[in-house]
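Engineer: Pasting in a structure now, in structure tokens, and then I'll have a few things to ask.
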Amino acid sequence: MFDFESFFRQFLYDPKSPLLFNNGFFVFFFAVFMSAYYLLRNNFPARKYLFCFFSLYFFYKASGIFVVFVILSAIVDYFLSNAIYRQKNKRKKKWLLICSIVFNLGLLVYFKYTNFFIATCNEILQTHFNPLNILLPVGISFYTFENLSYTIDVYRGQFVPVRKFTDYLLFLSFFPKLVMGPIVRASDFIPQINKPFEISENDFAKGFYLIVSGLFKKLIISDFITQNFVDYIFDDPSRYTGLECLFAVYGYAVVIYCDFSGYSDVAIGIAKWLGFTIPVNFKSPYQSKNITEFWRRWHISLSTWLRDYLYIPFGGNRKGVVRTYINLMLTMLLGGLWHGASWNFIAWGGLHGLALAFHKIWKQKTEKLFRTVHNTFFINALSVLVTFHFVCFCWIFFKAADFTIAGDMIHQIFHDFDLSVFGAFFNNYKPVLGLMLLAYLLHSIPDDFADKITGKLKKLPLVYYIGIFLMFVLLYGFFKSSEPVMPIYLRF
Amino acid sequence: MNANRRVLLFVVYATIIYLIASVVAAALDWRWMPARRINLISDITQHYRVEESTENDSLSNSDTTSLLPIAIPLKDKVSNFNLYHKAHFITNFNVDTNSVALERFIKKIYELKNGIKTKIRIAYFGDSMIEGDLLTQTLRKLLQQMFGGYGVGFVPITSQVAQFRTTVTDNYSGGWQEENFKTDGVKDHLYLSGHVFHGDGDWVQMKDQTVKDTTAILLKNLLCGYVSHPVNIMVNNSSLAIHPDKIFNCIPLDKSKSTSIKLSVADPALPVYGISFESESGIVLDNYSFRGITGIEFSRIDSSFLSAINAENPYDLIIFQYGVNLLFRPYDKKFNWYANALMPVIKKIKTCFPESDFLLVSTADRAFRYGGQYQSAIGIDSLVKVQALLAYESGSSFYNQFETMGGTNSIVEWAAKNPSWANKDYVHPNFRGAEILGQYFFQAILTDYEKYVRNKK
């Protein structure tokens, strides 16, 4: 029976079911938005207001009252950036920039790191401060970085601040990327706001491919492997054999990639359909032959942000060899902390920092030695394998709730590894292993494959697109209602 | 050509078709699960209930030829079966809830508390819920603090979680041959732990991490089976000749302030069970965990062996906590067959340990994913009831761990806490959750104890 009360409640924020791309509500949201956007496509100001309204409403449905922080930080940064631009006095200019940095980082630090600092303080100084009841506003890590890059670019004279507030609000709140990125640069985005709504056949096909493949990665592969395998092994590795733990790490490598890149792909795809181009965020990162290359392929919008707004301001490689390595380490440690408020993330960033430094030295020392053998298949495959396993090793710290669990995981893999249980393991986890294999196969597809697919897709009539989409929805239904895979004991 | 119209048409057509399909499916009350999970209007038309999904009931065990009908039996006027619902409470189903449930055990701990030097043994049997001394380490610590005694109790030679058990440090050589409940054709008797070990030039070194008092004298006893000839073993690098000629033997190895011991066994004929760390008097609590079992496995241990154990190490309280491994299929609701299978086991144990009180502990909560959402297993109420019935019919006491931890969906809440109290397998409370359960259990014993003290006055 139709339930009016439930119907009206759908329009309000529900903490138990925040809005994401996979909610039924999003289908209606997008259909209504798309229709209105199309109608107003030639009226640029109206189109912008519409976009801002829907973006903020999306954010409200995703995180409730925290939407005020997006608006507040848009107002503050809009005025500060304009003040920085107009200010001719260098000293005052700098103070305005510092105000912006303190405001933006202050919000982020308060919401994300207060309890971490309290816990650390209690641990080191034996104090007894109670943790505060702070909820983390969704997307704050992303829009804080966007605000910062904007005011810093204005300060550096690389960017003329927007004159209309709505332009800035739309840049910050643009709903496809608000919750989980990518981190968009104003210089890429803002020039696109006041352009005619024009997209090519190729854009349409590419957008469709990105949306459907992104949803497939996030909702089918990642969610299934997480719920049916990775989560419970990572919760208590001591209950499982080394073989299960090792596969849980491989599983998590798939999960984190599919989760993150899947969401980015959907965001980029939707943006494409609305006439906005957002740069690619993941380029098959597990195909990297070394760790430096990995960071050029993994979460590119973050790694370039860290490079431009941390590493280079620290001095980059301009202040001597030792400082270069210190800067690299600092950047990666802070980059780790950005992912979450715990020592595990700092350790994860630290390990990557060490590896990047090691690779820098290695490259310098061995360049001549390996000049002749560098491009053989064997060396390439070995490099990919070593890089992948190092990245996987670091994921242990990223995923584990604390160092004890990370230690247990490593202990089980290295000290309790028993191949004789493989048969039972395989039998129980067949669906999970199948999806993992599929994910790795999809990942190994060459980078230009998407272009080939979209080249073929764009010739199809619309009815095929609708058919493919509905089939995907049905597939999602199958996975959502599938029997869970239960853990089993392989040894007694 | 501008394809923006194509985007619009795609979005509008796809939404309309999807919406029509959803309305039709809802109107026809189509119960096909994949379609229900993606129905666009499900949030405003229907609320999925777990109870509806009983289509897989046929999967549940069809062996319902029960000797124990699941109706509330009224044995006599002084007992009330429904007391099994009560959380934080140990019941022997006596309507007088001021009477003591664990009569003999509570009397003994009262005497211990009042200066009578006596050793009180508790055997805590369980599955993976108590693996690694979880729950029992808290209960042991609290009981020993309150009533006296120290020592970690029984420790098997090795276990799957030996490296993670914090109450004992356990190092051992790699050659120990191990047989257990899951091994076919075991020749020797399996101990209460469900294991037996044979060493051929193998050693084990254990350190009891629970004893903090450096002046305390700690007994270290070897628990082993029968061997036809005298055997030389090495204890802390000194040779010791022993002749375990009974089917079960408890051989003192060391009595000193040291909390650690090293044992080497060269003769594979000797069935070794483990080492017990205990004080001269006070509480000794043995953890007998075996993952994945339901308790029925104890039918493999014969009465004469159980009686021999009782002769050497008589127990005052036997706690029996299983059940979660019966809930391995989401839609199982009938567990009468379990009552039939377990009743003889309980009777056998009660007969072989005649001086002991017997306390049956219900399963804790466990959840499955029903329609994309984790909820308590739909069979959990009927399982707890069957377990209570087993206690009731066998004249044992009962402790409802499921209700004590919070009842329906508590495991989901525990897993969602920050920091969490349970793992995301929605089966196992983690060390934080197990500590809470241990504290609850201790409080329930204390409540029983206080009733005894009150009644005595």
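Engineer: Would you check if there is a residue in segment A:242-251 being within 28 Å of A:L148 (Cα to Cα) and not small (G, A, S)? Step through it out loud before you land on a result.
Structural biologist: Initial filter on segment A:242-251 (within 28 Å of A:L148 (Cα to Cα)): none.
No: zero hits.
Engineer: Anything in segment A:444-475 that is among the hydroxyl-bearing types (S, T, Y) and either touching a Gly at 6+ places or on another chain (Cβ under 9 Å) or in a helix (DSSP H, G or I) (or both)? List them, or say none. Give the steps one after another, and end with the answer.
Structural biologist: Just the residues of segment A:444-475 that are among the hydroxyl-bearing types (S, T, Y), to begin with: A:444, A:454, A:464-465.
Selection gives A:T454, A:Y464, A:Y465.
Engineer: Scan segment A:439-483 for residues that are surrounded by fewer than 16 Cβ atoms within 10 Å (Cβ to Cβ), facing chain B (nearest Cβ under 9 Å) and at pLDDT below 90 and jot them down.
Structural biologist: A:F478, A:E483
Engineer: Still on this structure, please answer the following. Name every residue in segment B:1-18 that is facing chain A (nearest Cβ under 8 Å) and among the hydrophobic types (A, V, I, L, M, F, W, C), in order of residue number.
Structural biologist: Taking segment B:1-18 and keeping what is facing chain A (nearest Cβ under 8 Å), we get B:1-15, B:17-18.
If the condition is that a residue be facing chain A (nearest Cβ under 8 Å) and among the hydrophobic types (A, V, I, L, M, F, W, C), then B:M1, B:A3, B:V7, B:L8, B:L9, B:F10, B:V11, B:V12, B:A14, B:I17 are the ones that fit.
Engineer: Additional query: Within segment B:422-436, restricting attention to residues that are farther than 19 Å from B:G292 by Cα and out of contact with any helix residue (DSSP H, G or I) (no Cβ under 6 Å at 6 or more places or on another chain), which residue is farthest from the other protein chains (Cβ to nearest Cβ)?
Structural biologist: Applying the first criterion (farther than 19 Å from B:G292 by Cα) to segment B:422-436 yields B:432-433, B:435-436.
Right, trim to out of contact with any helix residue (DSSP H, G or I) (no Cβ under 6 Å at 6 or more places or on another chain) and you get B:432, B:436.
Details: B:R432: 11, B:I436: 16 Å.
My answer is B:I436.
Engineer: Step by step: first the residues of segment B:167-185, then only those that are among the β-branched types (V, I, T) and surrounded by fewer than 18 Cβ atoms within 10 Å (Cβ to Cβ), then the one that is farthest from B:V196 (Cα to Cα). Which residue is that?
Structural biologist: Keep residues of segment B:167-185 that are among the β-branched types (V, I, T), which gives B:167-169, B:183.
Right, trim to surrounded by fewer than 18 Cβ atoms within 10 Å (Cβ to Cβ) and you get B:169, B:183.
Values: B:T169: 20, B:T183: 11 Å.
The qualifying residue farthest from B:V196 (Cα to Cα) is B:T169.
Engineer: Examine segment B:303-310 for a residue that is crowded, with 21+ Cβ neighbours inside 10 Å, under 30 Å from B:R369 (Cβ atoms) and touching a strand residue (DSSP E or B) at 6+ places or on another chain (Cβ under 8 Å), and state whether such a residue exists. Lay out the reasoning, then the answer.
Structural biologist: So the first thing to find is which residues in segment B:303-310 are crowded, with 21+ Cβ neighbours inside 10 Å, and the list is B:309.
Those still in the list that are under 30 Å from B:R369 (Cβ atoms) too: none.
For segment B:303-310, residues crowded, with 21+ Cβ neighbours inside 10 Å, under 30 Å from B:R369 (Cβ atoms) and touching a strand residue (DSSP E or B) at 6+ places or on another chain (Cβ under 8 Å): absent.
Engineer: Given (1) of a type in the set (V, I, T); (2) within 14 Å of chain B (Cβ to nearest Cβ); (3) more than 30 Å from A:A347 (Cα to Cα), identify the lone condition not met by A:I413.
Structural biologist: (3)
Engineer: Hey, A:K16 hits all of (1) basic (K, R); (2) over 24 Å from B:A416 (Cβ atoms); (3) more than 9 Å from every other protein chain (Cβ to nearest Cβ); (4) not in a helix (DSSP H, G or I) but one; which does it fall short on?
Structural biologist: That leaves (2) as the condition not met.
Engineer: Now for a different question. Would a scan of segment A:59-75 turn up a residue that is within 23 Å of B:Y13 (Cβ to Cβ) and surrounded by 19 or more Cβ atoms within 10 Å (Cβ to Cβ)?
Structural biologist: Residues of segment A:59-75 within 23 Å of B:Y13 (Cβ to Cβ): none.
Within segment A:59-75, none of the residues are within 23 Å of B:Y13 (Cβ to Cβ) and surrounded by 19 or more Cβ atoms within 10 Å (Cβ to Cβ).
Engineer: Next question. I need the helices (runs of 4 or more DSSP H) fully contained in segment A:181-261, keeping only those with at least 1 residues that are within 11 Å of chain B (Cβ to nearest Cβ). First the steps, then the outcome.
Structural biologist: Values: elements: A:186-193, A:201-215, A:231-235.
Passing ranges, in order: A:201-215, A:231-235.
Engineer: Oh, and also: Please count how many residues of segment B:264-305 are within 26 Å of B:K107 (Cβ to Cβ), within 17 Å of the chain's Cα centre (by Cα) and of a type in the set (A, V, I, L, M).
Structural biologist: Number of matching residues: 1.
Engineer: Part of a helix (DSSP H, G or I) and in contact (Cβ under 8 Å) with a residue 40 or more places away in the chain, is that true of A:A46? Break it down into steps so the answer makes sense when it comes.
Structural biologist: Numbers: part of a helix (DSSP H, G or I): yes; in contact (Cβ under 8 Å) with a residue 40 or more places away in the chain: no.
The answer is no for A:A46.
Engineer: Can you tell me which residues in segment A:111-137 are within 26 Å of the chain's Cα centre (by Cα) and either more than 18 Å from A:H339 (Cβ to Cβ) or not in a helix (DSSP H, G or I) (or both)?
Structural biologist: To start, the set of residues in segment A:111-137 that are within 26 Å of the chain's Cα centre (by Cα) comprises A:111-117, A:133-137.
Within segment A:111-137, A:N133, A:I134, A:L135, A:L136, A:P137 meet the criteria.
Engineer: Out of everything in segment B:144-166 that is in contact with a Lys or Arg (Cβ under 8 Å, 6 or more places away or on another chain) and in a loop (DSSP other than H, G, I, E, B), what residue ends up being surrounded by the most Cβ atoms within 10 Å (Cβ to Cβ)? Break it down into steps so the answer makes sense when it comes.
Structural biologist: First, pick out the residues of segment B:144-166 that are in contact with a Lys or Arg (Cβ under 8 Å, 6 or more places away or on another chain): B:146-149, B:152-153, B:159-161.
Narrowing the set further to residues that are in a loop (DSSP other than H, G, I, E, B) leaves B:148-149, B:152, B:159-161.
On the way: B:G148: 18, B:G149: 22, B:V152: 29, B:S159: 23, B:Q160: 20, B:V161: 18.
Within segment B:144-166, the match that is surrounded by the most Cβ atoms within 10 Å (Cβ to Cβ) is B:V152.
Engineer: Which condition does A:Y37 not pass, out of (1) of a type outside the set (S, T, N, Q); (2) within 11 Å of chain B (Cβ to nearest Cβ); (3) farther than 30 Å from A:E198 by Cα, if it passes all the others?
Structural biologist: All conditions pass for A:Y37, except number (3).
Engineer: Looking at segment B:393-421 only, could you name the residues that are among the aromatic types (F, W, Y), in contact with an Asp or Glu (Cβ under 9 Å, 6 or more places away or on another chain) and more than 13 Å from every other protein chain (Cβ to nearest Cβ)?
Structural biologist: We begin by selecting, within segment B:393-421, every residue among the aromatic types (F, W, Y); these are B:398-399, B:402, B:414, B:421.
Going one step further and asking which of them are in contact with an Asp or Glu (Cβ under 9 Å, 6 or more places away or on another chain), we end up with B:402, B:414, B:421.
The one that is among the aromatic types (F, W, Y), in contact with an Asp or Glu (Cβ under 9 Å, 6 or more places away or on another chain) and more than 13 Å from every other protein chain (Cβ to nearest Cβ): B:F402.
Engineer: Within segment B:25-41, work out how many residues are under 22 Å from A:F29 (Cβ atoms) and either assigned by TED's automatic domain parsing to the domain that holds B:G371 or more than 40 Å from the chain's Cα centre (by Cα) (or both).
Structural biologist: Within segment B:25-41, residues that are under 22 Å from A:F29 (Cβ atoms) and either assigned by TED's automatic domain parsing to the domain that holds B:G371 or more than 40 Å from the chain's Cα centre (by Cα) (or both) number 5.
Engineer: Might you let me know whether segment B:113-128 holds any residue that is at positive phi, outside any helix (DSSP H, G or I) and surrounded by fewer than 19 Cβ atoms within 10 Å (Cβ to Cβ)?
Structural biologist: Checking segment B:113-128: at least one residue is at positive phi, outside any helix (DSSP H, G or I) and surrounded by fewer than 19 Cβ atoms within 10 Å (Cβ to Cβ).
Engineer: I've got another one for you. So which of A:F145, A:F175 ends up being closer than 26 Å to A:I84 by Cα, in the same structural domain as A:F103 (by TED's automatic domain parsing) and within 25 Å of the chain's Cα centre (by Cα)?
Structural biologist: Numbers: A:F175 fails: closer than 26 Å to A:I84 by Cα.
Step by step, each of A:F145, A:F175 is checked, and only A:F145 is closer than 26 Å to A:I84 by Cα, in the same structural domain as A:F103 (by TED's automatic domain parsing) and within 25 Å of the chain's Cα centre (by Cα).
Engineer: Scan segment B:16-32 for residues that are in a helix (DSSP H, G or I) and either among the aromatic types (F, W, Y) or surrounded by fewer than 19 Cβ atoms within 10 Å (Cβ to Cβ) (or both) and jot them down. Steps first, please.
Structural biologist: Step one: filter segment B:16-32 for residues in a helix (DSSP H, G or I), giving B:16-27.
Within segment B:16-32, B:I16, B:I17, B:Y18, B:L19, B:I20, B:A21, B:V23, B:V24, B:A27 qualify.
Engineer: So which residues in segment A:1-13 are in contact (Cβ under 8 Å) with a residue 40 or more places away in the chain and either within 10 Å of chain B (Cβ to nearest Cβ) or within 13 Å of B:Y18 (Cβ to Cβ) (or both)?
Structural biologist: If the condition is that a residue be in contact (Cβ under 8 Å) with a residue 40 or more places away in the chain and either within 10 Å of chain B (Cβ to nearest Cβ) or within 13 Å of B:Y18 (Cβ to Cβ) (or both), then no residue fits.
Engineer: Here's another thing I want to ask about it. What residue, among those in segment A:207-245 that are within 30 Å of A:F276 (Cβ to Cβ) and of a type in the set (D, E, K, R), is surrounded by the fewest Cβ atoms within 10 Å (Cβ to Cβ)?
Structural biologist: A:D223
The values are calculated or read from the model by the stated rules, or taken from the named source; none is laboratory data. None of the values given here were measured: they were computed from a predicted structure. As a convention, Cβ positions derive from the backbone with ideal geometry for all residues, glycine included, and neighbour counts pool all protein chains shown.
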